[in-house]
Every structure is written in C-alpha cells, then in structure tokens.
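Below is one structure, written out as structure tokens; the observations come after it.
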Amino acid sequence: MVYADTPASQDAYNRYYAAQSSYQSPAGTGSATPVWDLERLAAAAKAIGRAVENAGKSKDVTICDIGCANGGLLEALRREGFSNLTGIDPSAICVANTQDLGFRAKVGDLSNLPGDNGEFDVVVLTAVMEHVLDVRGATAAVARVCAADGIVFLEVPDAVEYENFLHAPFQDFNTEHINHFSRAALRNLMRQFGFTVVLEESHTLPGAGGLRMASLFTGYANTGASVAEDWEHNESFRESIERYILASSIFLSSLDRQLRETLPAGDVVVYGTGQLAMKLLKETVLGERRITAFVDGNPVKAGQRFGGVPVVLPEDLRETAGGAAPILITTLLHADGIRQRIAGLGLPNPVFSLQVPAASSPASV
C-alpha cells in the first residue's frame, strides 16, 4: 500500500480530531450537511444495506458508526430502515450533535473505544481508515467490537483513481490522509484479522463545488480466524500513484509560476489555511512573502496561529487587511464566492486567485 511517513504520533492525531475536528463547524457532516455530502452519505448507507443483505442479515442488526461526526450517516441509515444505531467520535461536540438527533453516541476513538458498548453486528468506518496512523492497531480494535458473525464496512478514497480526479496538486497527500488504499491493500489488511469480502464496489461520488471523487465501498464478514491466503500485489497501483505524483508536480509548478508573475513582492494577506495553502507556503514563492494574516471561514481555526501568524474570520478581514496589502485566495474551488465576500466588505486591497492549468490533467502528462 501507499502511506505517509509522518513524524506525528497516533496520540497527536487523536488529540487533533478530539479538539480541532473540521466537522464541528456548521459546514460539517450533520444537520448542516451540504447537498453533495448528503448524496455521498446516502450512497454509503445503501451500500451498507447491500453488505448486510449479502451476509444474510436483516435490518434489525446493531450498527456502530466509528467516526460518526455529527451523525449524518446514522441519519441516512435510519432512512434506509435501520434503527439500532450507535455513533462514536473523538469530538465531544460532534457526539453532542449526534445525540441531539436522537442517536446513542459516545466519545472515543480507535485507540480508546468505549468499553461498555459490547459487540455490534455491523461496524462502520467511512472516511476514517485513511486518517489512522496505526492501521493494524485500529483494525484489531474494530475486530474486537465486531460480533463473531458480524460485518465491517469500510469506505476509503480509491487511491488507484487519484490520477483521474486531480483537482489540486497532491490534494490526496495531505496532513490528515496517512493511508492510501487499493482494493488489494484492504483485502490484505482484513484477511490478517479473519475477514473475507462480502462487498467490493467502486463509486464516483460528489464533492464540494461539483467535483467528483473516487471511493471504495467494501464489506467484510468476520470468520473468526486469519485467512491463510497469499497476499496480493498490484504493481499497477504503484504506477498509477507515480503518474499522480508527476501530474501534481506539474500542477504545483504552474501555480508557482502564476504567483511569481502576478503577486507583487512584499506583504500579503492569505485567505485560506487548507491543504493547498500549506503546499504553496512550502513549495512556491509564497513562502518568501511576509504574511500579515491568514483568513479562514472555519471557526475552529479562528484565533489560532498558522506559521506564527494569526488566523482571523472573514468578518474580521477589514481590520486585518489594513493598507494596500494584496489578498491571495489559496483555494481553487471556492475562489469566486470568496471574491464576492471580499467585495462585500468594500476593501481597497487587490485580490489575487489561482487558475487551474490545463497541463495538470493526467491525460496531458
């Protein structure tokens, strides 16, 4: 498989998701879920239903969603006719939000699952395993709470398809995504813990701003014993990742050229503290500029410091962007909406944004 050789510890990740989960903001999964995410959650709930059916079980099974965020998937499962539902999440705020929807929910993570829940017929992890440093430890924890004849359902990004869904350079190589799975990698992992495939599906799912992303929906039945089969090796997985890296490198170099050609030297206000902003600060000329402030619409980030520079909310931009320092928008997806928001503040500062280069598409590499 492909993984990030991160210097962070699992405990550091646990603390991060407990205190700084992006799902705690109004844009997160739950009652304020955007339409595209509702579609993704509905697709996952239907796939869980197919896995349950393939395993010969009924809809009265007990289901635990580990990493439940604000309960969006539990809501989708309830709409599919499942009723015995429990959520676990490291964020106390997310757990409270999930409880407000009428679900059982407790604080916990894969390193510290609540000890009084017992076992479940179905254990669900959607958009979780790519965030886990200790993959084997996490899978062992899942196996312990999965009933002897139970099912584990996993949804992860389909890393084989990264090259075909390139919307920003190295978008899938980010601070949160540690693991990058193929079907074979997941099968190799789950076999070690006695699980065999009952569902394997590839889906193209909606993302923010009308983008599409590739995901794997996989279900595994608990056999109770390690499955003695040869591990699968898929050489084409490595080749597809190498093409993705090449295309991302070309993409990032183009953004660096744009910044050198358009962004004046001197002070700059950076709008956005996401993954692309981090890469631009590290890999382009933006890292040579003096950043006077960062702006981000996520209230979880407001008041913190990013590279030693304060992060403020958009409504505080007027006080922050004093003088004529240009404002650089570091998102390729929401630039138009951010420009409108800045214009509504009546600021005199010039605003710069980035364009997606045609040469960054995998077909052109």
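The values are calculated or read from the model by the stated rules, or taken from the named source; none is laboratory data. Note that the structure is predicted; figures quoted are calculated from it, not measured. Every residue, glycine as well, gets a Cβ built from its backbone with ideal geometry; the counts of neighbours run over all protein chains shown.
So here's what we get for this one:
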{"read-out": "Some residue of segment 200-213 being of a type in the set (S, T, Y) and in contact with a Gly (Cβ under 7 Å, 6 or more places away or on another chain)", "value": "no"}
{"read-out": "Flag for S215 being of a type in the set (S, T, Y), at negative phi and over 20 Å from the mean Cα position of the chain (by Cα)", "value": "no"}
{"read-out": "Any hit, segment 187-199, residues being in a loop (DSSP other than H, G, I, E, B) and under 30 Å from S254 (Cα atoms)", "value": "no"}
{"read-out": "Lone qualifier among L205, L211 - being surrounded by fewer than 20 Cβ atoms within 10 Å (Cβ to Cβ), modelled with pLDDT under 95 and under 29 Å from D65 (Cα atoms)", "value": "L211"}
{"read-out": "Residue list for segment 277-300, filter: more than 22 Å from R318 (Cα to Cα) and β-branched (V, I, T)", "value": "T284, V285"}
{"read-out": "Residue, surrounded by the fewest Cβ atoms within 10 Å (Cβ to Cβ), within segment 179-193, restricted to residues that are under 16 Å from A221 (Cα atoms) and within 19 Å of the chain's Cα centre (by Cα)", "value": "R183"}
{"read-out": "Some residue of segment 181-191 being in contact with a strand residue (DSSP E or B) (Cβ under 6 Å, 6 or more places away or on another chain) and closer than 25 Å to R15 by Cα", "value": "yes"}
{"read-out": "Top-ranked residue in segment 11-43 [being under 16 Å from L110 (Cβ atoms) and buried (at least 16 other Cβ atoms within 10 Å of the Cβ); ranked as modelled with the lowest pLDDT]", "value": "S21"}
{"read-out": "T218 vs. criteria assigned to a strand (DSSP E or B) and surrounded by fewer than 16 Cβ atoms within 10 Å (Cβ to Cβ)", "value": "no"}
{"read-out": "Test for T292: is it hydroxyl-bearing (S, T, Y), under 30 Å from M1 (Cα atoms) and out of contact with any Lys or Arg (no Cβ under 7 Å at 6 or more places or on another chain)", "value": "no"}
{"read-out": "Some residue of segment 171-180 being within 22 Å of A43 (Cβ to Cβ) and assigned to a helix (DSSP H, G or I)", "value": "no"}
{"read-out": "Unique match (being within 26 Å of G224 (Cβ to Cβ), charged (D, E, K, R) and assigned by TED's automatic domain parsing to the domain that holds R50) among D116, D100, D89", "value": "D116"}
{"read-out": "Qualifying residue in segment 238-247 (condition: farther than 21 Å from I327 by Cβ, among the small types (G, A, S) and not in a loop (DSSP other than H, G, I, E, B))", "value": "yes"}
